[in-house]
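Asks: One structure follows; several queries about it will come next.
Only the coordinates and a few stated rules stand behind these numbers; no lab work does. Everything numeric in this text was worked out from a predicted model, so none of it was measured. Cβ placement follows ideal geometry from the backbone for every residue including glycine, while neighbour counts extend to all protein chains displayed.
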Amino acid sequence: MNEIDIQIFRFLHRALGGSWFWPMVALSAFGGGWGSLTVIPLLVWTRTRRFAGSLAAVLGVTALLVYVLKRMIGRVRPCGCLADVKALVFEPPTDFSFPSGHSAGSFAFALFVAIVLVKRTPPNATAGARFARRLAAFVLVLVAFGVALSRIALGVHFPGDVLAGAILGSTVAAIGANLFHTSSARPPETSARRSDGSASLIE
């Protein structure tokens, strides 16, 4: 066990208590897969079906890699190996700790959408539309970061777990988003636009 990882865990676990605790609980619950349900209605709408399918593929590949790495590495969770640490609020997970599935999935979702939002900004989009896309991308990444921290706050992951998950999810998302962008049947500048010249957020 990496002693530095343990010490950082103890610091963050304590620091994220108090007034930060319940927001961490909410973020952890959201990062458990509920956010991914937003893909379902997007699959129904023809205009967003290809986007949703690509996002679902990114999430599926990420989940598979997390499963394989957990089985290969077999790291015990903090609540299972540190005598003074317990899993808070929720039942302790029964699978291994490294990498964090919550962190990997959240960053895969957030980075994929964020990259698509920014890369598919039409050249003639207004300043307001460009700002809205960048702001949405920033908020998505910020939420993913919060989900990752929440797993430390609840005592179920070490910092190394959530960092590895973030790197894994971000890598898969970056590859998937760039494949989606380059294989697009329509370039961004020909996408359907509103009267102000901006395109929809994901086309």
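Asks: Looking at segment 1-88, I'd like the Rg to Rh ratio, where Rg is from alpha-carbon atoms and Rh is Kirkwood's inverse mean 1/r. Don't skip to the answer; put the middle values down first.
Replies: Numbers: Rg = 17.7 Å, Rh = 16.1 Å.
For segment 1-88, the value is 1.10.
Asks: So which helices of the chain fit the span-like rule, where a helix is a whole DSSP H run, its Cα atoms reach 20 Å or more along the axis, and its mean Kyte-Doolittle is at least 0.5? List each step's numbers first, then the result.
Replies: Details: long enough: 49-73 (36 Å, 1.25); 101-119 (26 Å, 1.62); 127-153 (38 Å, 1.47); 159-182 (34 Å, 1.04).
In the chain, the long hydrophobic H runs are 49-73, 101-119, 127-153, 159-182.
Asks: Still on this structure, I have one more. Taking the Cα centre of the chain as origin, sum charge times position over the Cβ atoms of Lys and Arg (+1) and Asp and Glu (-1), and report the length of that vector in debye to the nearest 20.
Replies: That gives a dipole near 580 debye.
Asks: Right, next: Can you give the helix-only mean residue ellipticity at 222 nm for the chain, where every DSSP H stretch with n ≥ 4 adds -39500 (n - 2.57) and the sum goes over all residues, rounded to the nearest 500 deg cm²/dmol? Could you put the intermediate results ahead of the total?
Replies: Values: 8 runs with 127 residues, N = 203.
My calculation for the chain gives -20500 deg cm²/dmol from helical runs alone.
Asks: Here are a few candidate values for semi-axes √(5λ) of the Cα gyration tensor in Å: (1) 31, 18, 16; (2) 53, 14, 11; (3) 35, 17, 13. Which one was actually calculated from the structure I just gave you?
Replies: Correct label is (3).
Asks: From the residues LEU16, GLY60, ASN2, which one has its Cα farthest along the dipole of segment 1-71 in the positive direction, the dipole being from +1 and -1 charges on Cβ of Lys/Arg and Asp/Glu about the Cα centre?
Replies: In segment 1-71, that residue is GLY60.
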